[in-house]
Structures are given as C-alpha cells and as structure tokens.
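Report on the following structure.
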Amino acid sequence: MIRSKAYAAQNKTSGLAPFELYRREPAADDVQIEILYCGVCHSDLHTARGEWPNTLYPSVPGHEIVGRVCAVGSQVRRFKVGDLAGVGCMIDSCGHCHSCAEGEEQYCENGFTGTYNGPVFGGENTYGGYSQTIVVKESFVLQIRHAADDLARVAPLLCAGITTYSPLRHWRVGPGTTVGIVGLGGLGHMGVKIAHALGATVVLFTTSPGKIADGRRLGADEVCVSTDDAQMAAYANRVDFILDTVAVPHDLDAYLSLLKRDGTLALVGAPAAPHPAGNVFNLILKRRRIAGSLIGGIRETQEMLDFCAEHRIVSDIEVIPIDYINVAYDRMLNSDVKYRFVIDMASLADA
Ligand code: NAP
Ligand code: ZN
C-alpha cells in the first residue's frame, strides 16, 4: 500500500483537517499520479458538509486532479512516467451497460464510481484529490496537452470544464445561437469561455454587479444583472439555450420566460433543496423544456481538454495552500472566488 497525506472532513461540521490515507499498489492497468494541483468544486463543499444526503466519512474531496505520472502498470500503453495526466469526477463504471458502451459512463446504469465518496449506488468509500497521490485505471485517466506552465489553470477543466462543455455540445450551441450562462462561479466562467469559443452569442446572468467587467473579459457579449427586473425583461423570448450553474434553490420561471419557443433550460447546479416548481404555462405556451446534465463521459472529457488546449482556454484561478481550504469554502458560499480556487498540493507536505 502507498501512504499519502491528505485533508479530510470527519463529519458535517468538523471542517477539513490533515488525514492519512492509503492507495493500492498500481495493478497492470493502473496509473499512479503524483498530484500537483487540485481544483475546488462547489460539489466538494456540498459533500464535505453533508449537504447532499449521501456523504461517507471521512470525506476527502477533490475531483479536478492534475499531476505527473509516477508509476504505470505493465499493460498501460497511453502513459509513461513523467507524463502530465488528469483525473476528473469518475474513476470507474460497470463498463458493460448501454451508457458505458456509448461512452457516457457518468450515466452508468449500475452506478459509476466517483473519484470521492464511492460508487453512487453504494459500496466502499473512495478518496479524492486533496491528497499527494492517486492510483486510477488507465481508461479513466486523461491526457493533458496544454503547456506544463498552465497545469494549475487546467485542473478546473476536469469538472467545471466538462460539466459546461457537455451540455453546450449536446444542445448544439454554436454560431447563430444565443446562450445564457447563469452564475459566474467555477462552472459559469468556464461556460462563458467555452460557449464563446464555440461561436455562440453569450449572455451572462449574474447576481453580482461587480462581475460585469470580468464577464465581458471572459467572453460574454452581454451581461445581465439578474436581480434587476428591467434588465431581465429585456431578454424575454430571446435566448435559445440557458445553462444554470447556481448552487442554491432559486426561481426558474425568471429564466424560462427568457427562452424562445422550443428553448431549453439545462440545470447543472445541484442545490441540496429543490427549486420552487416552474409555472407550467411558461413551458406549455412555448414548448420549452427544463433539463439536467451530469459532468461528461471520459471520451468527451478528453475531447474537451483537447478543444481547450487548441483554443488556449484555461481557468481563471486563485492558487491556495491546503490549510486555507475551510476559508475557501466560506468564500465560495459568498460568491467570492475569481473564479476557481486551486490547491497547490506541495503545501500538503508541511500539513
Ligand atoms: P460556485 O463557484 O460557487 O458558483 C456558483 C455561482 O452561482 C456563484 O458564483 C454565483 O454567481 C451564483 N450564485 C450564488 N448564490 C446565488 C444566489 N443566491 N442566487 C443566484 N445565483 C447565485 O460553484 P460551482 O463550483 O460553479 O458549482 C455550481 C453548482 O454546480 C454546485 O451546486 C455544484 O455542486 C454543481 N455541479 C454540478 C455538476 C454536474 O455534473 N451537474 C458538476 C459540478 C458541479 P454570480 O455571483 O455570478 O451570481
Ligand atoms: Zn465538480
């Protein structure tokens, strides 16, 4: 077994503190990665604080993992020691259901295995990226083609990048479409950058007037302050597709009414409590849809990483030491992050 320093929550209220865990020795099809950086997703906070109903403790979050390969099993072909590599939200799935066969492992009928918090339909706990090293089977490890200097800024692509890229592609966003991105946080700022790179007209909806200039700089053509009814009304029936990244319950009707006929409001934000139910007339009178989307499959995650490398897209980040993580969570709750915290894992050595 391989010993690794880590940070874990022991229960809902403990906060995160130093912890020690063990990884398996790499099997023939395994890749071992020395973790250099790990992004901080709002899902980490929901999980560590037990806001979703399924947290297994101790909980070691982190599913935006990048680092260098430090060992490979005898059958590994795509990676060698020293390569850059990434791990996102999944480390395994059943491999034989129709979702897995189609490369949509995140919808595995038998439950994929999360990078942290274990198999979604039960089973042993897994420990995520707030740690020094991880061992993952090759087929769930991603290749990184960005420059090594960009590595910290690439980490958030492993969750925030794919969670926005996948629905933007699924709903065929591109030239000629007007896309709304709701919330300029970790997911939202990647959504703005990727939708812009796909050639869409991008409208950012934010509750924070202080983010207007950043929204434009990141690629939004227009910014609407969503707390201002007059600004919202100006977008009625004008938007083809809206991606909602907000992590708290809120009024969906305010966004549904902005969609054109046949438009879709796709929810990726995952609040612990339900949204107030949408007004049916907002749906039926214009055949609008409310949809959801979960991360993305491994093949699409590689496609997204390569797309971002080609378009020079990385995340806007604030690098933090691991012992800042509890403060970082509180700042995330206050929408006070520009626009993703990334942990420099070298700081774990002294923890
Ligand atoms: P985040 O960085 O905290 O961003 C959320 C943004 O929502 C904030 O920056 C803020 O943007 C906006 N917001 C916050 N409070 C609000 C309020 N009261 N009303 C309206 N807007 C508010 O979080 P994240 O890491 O991007 O994650 C967002 C959500 O997506 C979380 O629930 C997370 O668990 C979920 N998620 C889902 C998937 C998936 O596969 N579906 C994957 C990853 C994460 P403004 O200041 O611009 O308003
Ligand atoms: Zn995430």
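The values are calculated or read from the model by the stated rules, or taken from the named source; none is laboratory data. For clarity, every value in this text was computed on a predicted model and none was experimentally measured. All Cβ positions, even for glycine, are placed from backbone atoms using ideal geometry, and neighbour counts span all protein chains on display. Ligands, DNA and RNA are stripped out before the accessible areas are found, and what is left, the full protein with its side chains, is counted by its heavy atoms. Shrake-Rupley method; radii C 1.70, N 1.55, O 1.52, S 1.80 Å.
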Task: For the stretch 1-110: Kirkwood Rh in Å [reciprocal of mean 1/r, alpha carbons] - done: 15.8
TODO: List, largest first, the extents of the alpha carbons of the chain along their principal axes, each in whole Å.
DONE: 59, 40, 39
- [ ] State to the nearest 20 debye the size of the charge dipole of the stretch 161-292 about its Cα centre, where the only charges are +1 on K and R beta carbons and -1 on D and E beta carbons.
- [x] 440
- [ ] Count the net charge of all other residues whose Cβ sits under 11 Å from the Cβ of H189, scoring Lys and Arg as +1 and Asp and Glu as -1.
- [x] +3
Open item on the list: What is the distance in Å between the Cα centroid of the stretch 280-351 and that of the stretch 80-99?
Closed with: 18
Open item on the list: Accessible area of the stretch 161-292 with a 1.4 Å probe: how many percent of it is carbon plus sulfur?
Closed with: 55
Open item on the list: Please give me, ordered by residue number, the GluC sites (Glu not before Pro) of the stretch 1-99 that lie in loop per DSSP and have at most 12 other Cβ atoms within 10 Å.
Closed with: none
TODO: Would you tally the net charge around L36, using a Cβ to Cβ cut-off of less than 15 Å, leaving L36 out, and scoring K and R as +1, D and E as -1?
DONE: -3
TODO: Would you please give the FRET efficiency between A291 and R3, computed as 1/(1 + (r/R0)^6) with r the Cβ-Cβ distance and R0 = 51 Å, to the nearest 0.05?
DONE: 0.70
Task: Exceeding the 32 Å Cα-Cα cut-off - candidates K12/K137; K137/K211; K5/K137; K137/K193; K5/K211; K193/K286 - done: K137/K211; K5/K211
Open item on the list: Using a probe radius of 1.4 Å on heavy atoms only, what accessible surface per residue do you get for the stretch 161-292? Whole Å² is fine.
Closed with: 41
